[in-house]
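Before any comments, here is the structure.
The values are calculated or read from the model by the stated rules, or taken from the named source; none is laboratory data. Keep in mind that what you see is a predicted model, and the values were worked out from it rather than measured. In this analysis, Cβ positions are derived from the backbone assuming ideal geometry, glycine residues included, and neighbour counts consider all displayed protein chains. What goes into the accessible areas is simple: the full protein's heavy atoms, side chains included, and nothing from ligands, DNA or RNA. Shrake-Rupley method; radii C 1.70, N 1.55, O 1.52, S 1.80 Å.
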Amino acid sequence: MTLPMPPSTVADALASLAARESRRAIRALSDTSDRHKGVHEARKSIRRLKSLLALGAGRFGKALEPTWAELSSLATGLSSLRDAHVAATIARGVAGERPSPPWKRAIGLLEARRDAKLDDALRKDPAFRRRRQRLADVGAQIQSLPWSKLERRDVEKALARSERRVSNAEARAMDRGTDIDHHRWRRRARRLRMQLEFWRKALKAMEASSHHRGHHDKTALKKMSELSDALGARQDLRSLRRVLRTLDGVGPLAPLLDDIRQALKAQAA
């Protein structure tokens, strides 16, 4: 049996990873066994695609704009479904294995809200066929980008720029500390983590070394994974708090908000 040859260039390796991620997003939206999980995974794949494409943005130029806009539109269209699912999931986590009566009532309302949003989306787009076709089309657009222009030094420059953006966002979050500042810090840390993951996969596929960035990238990936997970957990708790404050029929908020406050303190410890 003839084994497939490894990609010969950075561009080939990254283009192959982008194609694989596009297919993963389509499969996620095709998953009928757990629609909520499928939406969540599809949205993560779209984020990963955008992080990968950002590595070549300097070379792709205006050719990237329609693809980027379509991916952003698809992500936005799924965001309310994903957020509703996460709110219900985080609520169960905060409530613990034996939820109190206030949490039982809140979880029931959150899950009904989540399911209603999904049902409405599927009525408007049965089986997510329209979204899956859009993902297939954007996958074709991605493969038609001028990948041949992309070189290793372009990717390393893009990674360095992402690192600076994370550092700047961290400084603002530490200085001002608003929810918006922390959310920006989280998004940038998450994007850098995804970019480092793709870069390591591309180098592995090429059977190439990471040269002078090797140890740095490995350390940075570990740091960004831990940071984005921690910031994400806090952001999800804050989002749950906002949802509960607007949820009709939830009853007394004080015990719920107190539990969320304790969870946030535990995250910060």
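Is segment 223-237 home to any residue that is in contact with a Leu (Cβ under 9 Å, 6 or more places away or on another chain) and over 30 Å from G96 (Cα atoms)? Checking segment 223-237: not a single residue is in contact with a Leu (Cβ under 9 Å, 6 or more places away or on another chain) and over 30 Å from G96 (Cα atoms).
Return the residues of segment 39-59 that are open to solvent by 10 Å² or more (accessible area, probe 1.4 Å) and either among the aromatic types (F, W, Y) or more than 16 Å from the chain's Cα centre (by Cα) (or both); say none if nothing qualifies.
Here is the first cut: in segment 39-59, the ones open to solvent by 10 Å² or more (accessible area, probe 1.4 Å) are 40-41, 43-44, 47-48, 50, 54, 57-59.
A57, G58, R59 - these are the residues of segment 39-59 that are open to solvent by 10 Å² or more (accessible area, probe 1.4 Å) and either among the aromatic types (F, W, Y) or more than 16 Å from the chain's Cα centre (by Cα) (or both).
Every condition in (1) open to solvent by 50 Å² or more (accessible area, probe 1.4 Å); (2) at pLDDT 95 or above; (3) touching a Lys or Arg at 6+ places or on another chain (Cβ under 9 Å) holds for T9 except the one numbered (2).
Okay, residues lined up against (1) open to solvent by 70 Å² or more (accessible area, probe 1.4 Å); (2) within 22 Å of A57 (Cα to Cα):
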site: S144; (1), (2): yes, yes
site: K149; (1), (2): yes, yes
site: D154; (1), (2): no, yes
site: A160; (1), (2): no, yes
site: N168; (1), (2): yes, yes
site: R176; (1), (2): yes, no
site: H182; (1), (2): no, no
site: E207; (1), (2): yes, no
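To keep it simple, each residue is scored yes or no on (1) in a helix (DSSP H, G or I); (2) of a type outside the set (D, E); (3) in contact (Cβ under 8 Å) with a residue 60 or more places away in the chain; (4) under 26 Å from A189 (Cβ atoms).
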{"residue": "R24", "(1), (2), (3), (4)": "yes, yes, no, yes"}
{"residue": "L52", "(1), (2), (3), (4)": "yes, yes, yes, yes"}
{"residue": "P102", "(1), (2), (3), (4)": "yes, yes, yes, no"}
{"residue": "A106", "(1), (2), (3), (4)": "yes, yes, yes, no"}
{"residue": "L118", "(1), (2), (3), (4)": "yes, yes, yes, no"}
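Out of segment 101-117, which residues are closer than 18 Å to D34 by Cβ and surrounded by fewer than 18 Cβ atoms within 10 Å (Cβ to Cβ)? Those that are closer than 18 Å to D34 by Cβ and surrounded by fewer than 18 Cβ atoms within 10 Å (Cβ to Cβ): A112, R113, D115, A116. Of all residues in segment 175-223, those that are touching a helix residue (DSSP H, G or I) at 6+ places or on another chain (Cβ under 7 Å), part of a helix (DSSP H, G or I) and modelled with pLDDT under 85 total 7. The residues listed here are A169, A140, A158; of these, the one that is touching an Asp or Glu at 6+ places or on another chain (Cβ under 8 Å) and under 18 Å from K50 (Cβ atoms) is A169. Scanning segment 227-264 for residues that are under 20 Å from L109 (Cβ atoms) and among the hydrophobic types (A, V, I, L, M, F, W, C) returns L237, L240, V243, L244, L247, V250, L253, A254, L256, L257, I260, A263.
When each of L110, L150, L81 is tested for being touching a residue at least 24 places away in the same chain (Cβ under 8 Å), of a type outside the set (G, A, S) and closer than 22 Å to I26 by Cβ, the lone residue that passes is L81.
Checking each residue in segment 65-92 for being open to solvent by 10 Å² or more (accessible area, probe 1.4 Å), hydrophobic (A, V, I, L, M, F, W, C) and farther than 30 Å from W103 by Cβ picks out W68, A69, A75. Summed over segment 142-162, the residues that are more than 21 Å from the chain's Cα centre (by Cα) and not basic (K, R) give a count of 10. Within segment 239-269, being of a type outside the set (S, T, Y), open to solvent by less than 40 Å² (accessible area, probe 1.4 Å) and in a helix (DSSP H, G or I) holds for L240, V243, L244, L256, L257, I260, A263, L264.
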